[in-house]
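Here's the structure we're looking at; comments come further down.
The values are calculated or read from the model by the stated rules, or taken from the named source; none is laboratory data. What you are looking at is a predicted structure, and each value in this text was computed from that prediction instead of being measured. Neighbour counts run over all protein chains shown; Cβ positions are idealised from the backbone, glycine included. These accessible areas exclude ligands, DNA and RNA; they are computed on the full protein's heavy atoms, side chains included. Shrake-Rupley method; radii C 1.70, N 1.55, O 1.52, S 1.80 Å.
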Amino acid sequence: MVTGVARINGLYVGIIANNQQLTPHPRLRGRSRPGGILYREGIAKISAFSRACNDDGIPILWMQDISGFDIGPEAEKEGLLGYGSNLIYTNSTNAVPMITVLLRKASGAGYYAMTGMPYDPVLQLSTPITRQAVMEGRTLAIGAFNAKLDDNFQIMTEDPKERARIEVGMKAVEDRITADMDPYRAARQMDTDEIVAMHELRDYLTAIVEMCYQSIGYRRVKNPRIWSVHDLNVLSDHITRRG
């Protein structure tokens, strides 16, 4: 996860974004993990950052390109559910304005946890290439026909007719979900507020952030403690000089 405080048209904004790069596994030497997924360390990081921005009265911009939460025995052993619950609680109770931008993928519980529509962002924007869904089409097809598949998600039966029936069924599920992921269909269903071309995104964010600083409603900027950002600059400079 990538976090940081930046300025948009001179106004401070906390930014939280998914990192799409392969990153070293924090405990297993020599192994890497794919980006665009919420792991324990990333969840803890953005939860703390989200709370800090809320305490300092700084609006938060969530830049989503996410496939969902980590799953499997390792995630369960690390208590990922508890970390995810903490993030959801944090974003449910934040009082500062939060803006959500769906850049490319917005899938699974990760979409909700990173301030999807249910968590009341002041605005949620999509792009023409956004793919928004509770679950990817292929993933849902595997789940729906799991009893017919082996551990590698391959069809187990040797009966040609049964195999053909399962293939048709899985393709139908995948095609239906893929069609639902179209951003214009999501907009028609009011699952996103507006579709914005990439070259227009900066102008939209400039206007929205200015509105956030003028807000007097439920989500409002209190009075940003900008000196905390100054402290970070001093500390960063000190670390750089020591290094």
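Close amide-amide hydrogen proximity is noted between G68 and L38, S107, G110, each under 5 Å apart and 5 or more residues distant or on a separate chain (H modeled in the peptide plane; Pro and chain starts excluded). When +1 charges are put on Lys and Arg Cβ atoms and -1 charges on Asp and Glu Cβ atoms, the dipole computed for segment 1-66 relative to its Cα centre reaches about 400 debye. Farthest toward the positive end of the dipole of segment 38-167, out of I46, T100, M135, is the Cα of T100, where the dipole comes from beta carbon charges about the Cα centre. Hydrophobic, long helices, defined as DSSP H runs whose alpha-carbon span along the helix axis is 18 Å or greater and whose mean Kyte-Doolittle value is at least 1.0, do not occur in the chain. Of the accessible area of segment 1-72, computed with a 1.4 Å probe over protein heavy atoms only, carbon and sulfur atoms account for 53 percent. Rolling a 1.4 Å probe over the protein heavy atoms of segment 162-220, with every protein chain left in place, gives an accessible area that is 54 percent carbon and sulfur.
Using alpha carbons only, the radius of gyration of the chain set against its Kirkwood radius gives Rg/Rh = 1.04.
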